Amino acid sequence: MVANDNEMLNSSLTHEAETRPGALLREVTRMYTRAQRVVADCCRTTNTQCHLLIELDRSGPLSQADLGTRVLLEKSWVSRAVEAMVDRGLVTKEPNPADARSWLVTLSDKGLRTVRELDRSLDAHAEQLLGSLGEGERRAVEDALVLLMKLLREDSAANCCLPAPQKKESR
C-alpha cells in the first residue's frame, strides 16, 4: 500500500523536482499553512498580528524590537500591528523597565483568550485531518513530526532569531 500511496503522491506533483525531500517539505508547509489560515481565520486579525500574538504567547512579554526579530519582521510592520492590537485590546504596551527607549508588549486577557481559541481551532483541524489515517499511519506521521521538530530545534537557521536557552543553575 505504501508504494501505491507514493505513486499517487508522485503523480499528483507537477514536477519531478517536487519529489525531493526539500520540495516536498515546502509543499506540505505551504498547504498546511494555507489550511490553517482558512480554518482559523487567523484570529480574525491580519497574518502579521496573528504571528505576533502567537509569539507573545510562546515567549511572554517582549520589547517591540525583540518581537520583530523573533518573527523576522521590520520595525514599521511590528509597530503598526502592535498599535492595531492595542486598539482592539489584544495586547498592552508599556514602557520597558529594562530600556526606557523601548516599549514592552504583553498579551492582554482578551489576547490570551484569542490565542487559546486559535489553538483549539487549529488542534481540531489537525485531528480532523489526521483522523482519516489508520492507527499505524497516524503513529508514523506523529513520529516523523516529532523527529522533524527535534531536528528543527537543533537547526541554527530555524533558531537564528531566538535567544540562547537559559542554562539551569546547578545545585
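If you go through region 92-103 one residue at a time, do you hit one that is crowded, with 19+ Cβ neighbours inside 10 Å and at pLDDT 95 or above?
No.
Can you tell me how many residues within region 27-47 are of a type in the set (Asp, Glu) and at pLDDT 85 or above?
1
Considering each residue of region 48-70, count those that are of a type in the set (A, V, I, L, M, F, W, C), within 15 Å of residue 114 (Cα to Cα) and modelled with pLDDT of 90 or more, and give that number.
The qualifying residues number 4.
Any idea how many residues of region 99-147 are touching a residue at least 24 places away in the same chain (Cβ under 8 Å) and more than 22 Å from the chain's Cα centre (by Cα)?
So the count comes out to 3.
Please work out if residue 112 is in a strand (DSSP E or B) and surrounded by 14 or more Cβ atoms within 10 Å (Cβ to Cβ).
The answer is no for residue 112.
Assess whether residue 73 counts as being farther than 25 Å from residue 129 by Cα, within 15 Å of the chain's Cα centre (by Cα) and part of a helix (DSSP H, G or I).
Against the criterion (farther than 25 Å from residue 129 by Cα, within 15 Å of the chain's Cα centre (by Cα) and part of a helix (DSSP H, G or I)), residue 73 does not qualify.
Restricting region 33-58 to residues that are within 17 Å of residue 108 (Cβ to Cβ) and among the β-branched types (Val, Ile, Thr), which is surrounded by the most Cβ atoms within 10 Å (Cβ to Cβ)?
45
The values are calculated or read from the model by the stated rules, or taken from the named source; none is laboratory data. This one's a predicted model, so the numbers in the text were calculated from it and none came from an experiment. Virtual Cβ from ideal backbone geometry, glycine too; neighbours counted across all protein chains shown.
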